[in-house]
Amino acid sequence: KRCEVEIRRRSAFLWIVVAAAALRGGSAMRLVLQRVVSASVSVDGAEVSTIGRGLLALVGLHEEDGAEDLLYCARKLCGAKLWENESGKSWRQSVRQMEYEILLVSQFTLFGEVTNKKHVPDFKASMKTAEATRTYDEFKALVAREYGGEARIKDGVFGAKMAVSLVNDGPVTLVVDSPRHRAEREAGARGEEPDEREAEAKA
């Protein structure tokens, strides 16, 4: 009974902390992943990046994001199993396993809200430009590290007005938010994120 009471107490504490974090707005980096046959980015009419099969990832940085959020999203981006394996089973292979390409496109509007009466978008939750520039570069480096090299990691031009073209394969589109569960991990409810490449090797 003492153990059961302790579990209930810790569980109640955990939910209080998580709820408080949610009320504060928390922190959630956001990716929109699209499985593509091809994708490209142009600026002022000139093509700056192009990929064949792989993932187009729109990258939104929240004003409170930190290293933990970047690492989580980099791992999910490289590890998300969106392709079939050699046996034809769906959702078994990642972009990394397929050795496909990744196109990163910075997208501050992912945290936009239209809650005012004039319906004017509000982007105050997005990370400010100077910090976002550095953070985006850090994220790109993390993606390259998680992928195992930078040769297949492409991107647009940060802060520029870009024209993004793509052929969605499926269509398959997923939204990935970094978890608002830092407090949960601090409470001991979760361990460290596993190395997803080890999990892939076992799949």
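The values are calculated or read from the model by the stated rules, or taken from the named source; none is laboratory data. Quick caveat: nothing in here was measured; it's all calculated off a predicted structure. All Cβ positions, even for glycine, are placed from backbone atoms using ideal geometry, and neighbour counts span all protein chains on display. Ligands, DNA and RNA are excluded from the accessible area calculation, which covers all protein heavy atoms including side chains. Shrake-Rupley method; radii C 1.70, N 1.55, O 1.52, S 1.80 Å.
Placing pseudo-labels 7 Å out from each Cα toward the beta carbon at residue 133 and residue 63 gives an inter-label distance of 2.0 nm.
Across the range 48-119, counting alpha-carbon atoms alone, Rg and Dmax equal 15.9, 53 Å. Summary of packing: across the peptides 132-141, 145-154, 165-174, the per-residue average of other C-beta atoms within 10 Å ranks them, highest first, as 132-141, 145-154, 165-174. Computed over the alpha carbons of the range 80-136, Rg followed by Dmax gives 18.2, 53 Å. At full extension, residue 43 and residue 119 could sit 24.6 nm farther apart than now, given 0.36 nm per residue minus the alpha carbon distance. Sorted on the mean count of surrounding Cβ atoms within 10 Å across their residues, most packed first, peptides 32-38, 48-54 read 32-38, 48-54.
Taking the accessible area of the range 78-173, probe 1.4 Å, and keeping the other protein chains in place, the carbon and sulfur fraction comes to 51%. Taking every Cα-Cα distance in the range 45-85 and sorting them into 10 Å bins starting at zero, the pair-distance distribution P(r) comes out as 19, 42, 30, 9 percent.
If only the Cβ of Lys and Arg carry +1 and only the Cβ of Asp and Glu carry -1, the dipole of the range 31-98 around its Cα centre is close to 600 debye.
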